Amino acid sequence: MSYFKDVQNRETMELVPGVRTRTFWGENMLLSMVEIDANSEVPAHTHPHEQAGVLVEGEMEMGIGGEVKVLKPGDMYVIPGNVEHYARCGNTPAKALDVFSPVREEFKY
């Protein structure tokens, strides 16, 4: 087992059309490098997992529990479990690193 992960050569998993992720996990947390194409979105949803993240590239609108903000690289967010949220890109694609706890079993591939 290697402690280092090769993000660039990891196959992607499609979450919804125009949105892909590459995931890596340990015993108690899962990392998800999410790519959102221009003019694509992750629809509003909830899950019991706590989620935190940082926008790595691009720009995206994010709504969490009714609060909406346009994120730029370096902006971070924390989403408690069961709080509705979405992410949407306009003409600029985006890449974000999300962390989930506990591990989202459906994201293990």
request  = Kindly establish whether Val78 is surrounded by 13 or more Cβ atoms within 10 Å (Cβ to Cβ), at negative phi and not polar (S, T, N, Q).
outcome  = no
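Hey, among the residues in the stretch 1-27 that are touching a strand residue (DSSP E or B) at 6+ places or on another chain (Cβ under 8 Å) and either exposed (fewer than 10 other Cβ atoms within 10 Å of the Cβ) or charged (D, E, K, R) (or both), which one's nearest to Cys89 (Cα to Cα)?
Residues of the stretch 1-27 touching a strand residue (DSSP E or B) at 6+ places or on another chain (Cβ under 8 Å): 5, 7, 10-16, 18-25.
Filter again for either exposed (fewer than 10 other Cβ atoms within 10 Å of the Cβ) or charged (D, E, K, R) (or both), leaving 5, 10-11, 14, 20, 22.
Details: Lys5: 27, Arg10: 23, Glu11: 22, Glu14: 16, Arg20: 13, Arg22: 19 Å.
Ranking the qualifying residues of the stretch 1-27, first place goes to Arg20.
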query = Counting only residues that are of a type in the set (A, V, I, L, M), buried (at least 18 other Cβ atoms within 10 Å of the Cβ) and touching a Pro at 6+ places or on another chain (Cβ under 6 Å), how many does the stretch 37-59 have?
reply = 1
Residue identified as of a type in the set (Phe, Trp, Tyr) and in contact with an Asp or Glu (Cβ under 9 Å, 6 or more places away or on another chain) among Phe4, Phe24, Phe100 = Phe100
ask   = So Pro48 clears everything in (1) out of contact with any Lys or Arg (no Cβ under 6 Å at 6 or more places or on another chain); (2) in a strand (DSSP E or B); (3) without any contact (Cβ under 8 Å) to a residue 60 or more places away in the chain except one condition, right? Which one?
value = (2)
Boolean, Ser40 is touching a Cys at 6+ places or on another chain (Cβ under 8 Å), more than 20 Å from Pro102 (Cα to Cα) and hydroxyl-bearing (Ser, Thr, Tyr) = yes
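I'm trying to understand the selection: among the residues of the stretch 72-83, which are within 18 Å of His45 (Cβ to Cβ) and more than 13 Å from the chain's Cα centre (by Cα)?
Pass one, the stretch 72-83, residues within 18 Å of His45 (Cβ to Cβ): 77-83.
Selection gives Pro80, Gly81, Asn82, Val83.
Please determine whether any residue of the stretch 64-77 is of a type in the set (Val, Ile, Thr), free of Cβ contacts under 8 Å to residues at least 12 places away in the same chain and either part of a strand (DSSP E or B) or more than 22 Å from Ser101 (Cβ to Cβ) (or both). So that I can check it myself, show each step before the final result.
If we filter the stretch 64-77 for residues that are of a type in the set (Val, Ile, Thr), which is where we start, we get 64, 68, 70.
From what is left, the residues that are free of Cβ contacts under 8 Å to residues at least 12 places away in the same chain are 68, 70.
Right, trim to either part of a strand (DSSP E or B) or more than 22 Å from Ser101 (Cβ to Cβ) (or both) and you get 68, 70.
Yes, some residue in the stretch 64-77 is of a type in the set (Val, Ile, Thr), free of Cβ contacts under 8 Å to residues at least 12 places away in the same chain and either part of a strand (DSSP E or B) or more than 22 Å from Ser101 (Cβ to Cβ) (or both).
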inquiry  = Would you confirm, using the coordinates I've provided, whether Gly58 is under 17 Å from Leu97 (Cα atoms) and touching an Asp or Glu at 6+ places or on another chain (Cβ under 8 Å)?
reply    = no
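Where a number appears in this text, it was derived from the coordinates with a stated rule and is not lab data. Here the structure is a predicted model, which means the values were calculated and not measured. Backbone-built Cβ (ideal geometry, glycine too); neighbour counts: all protein chains shown.
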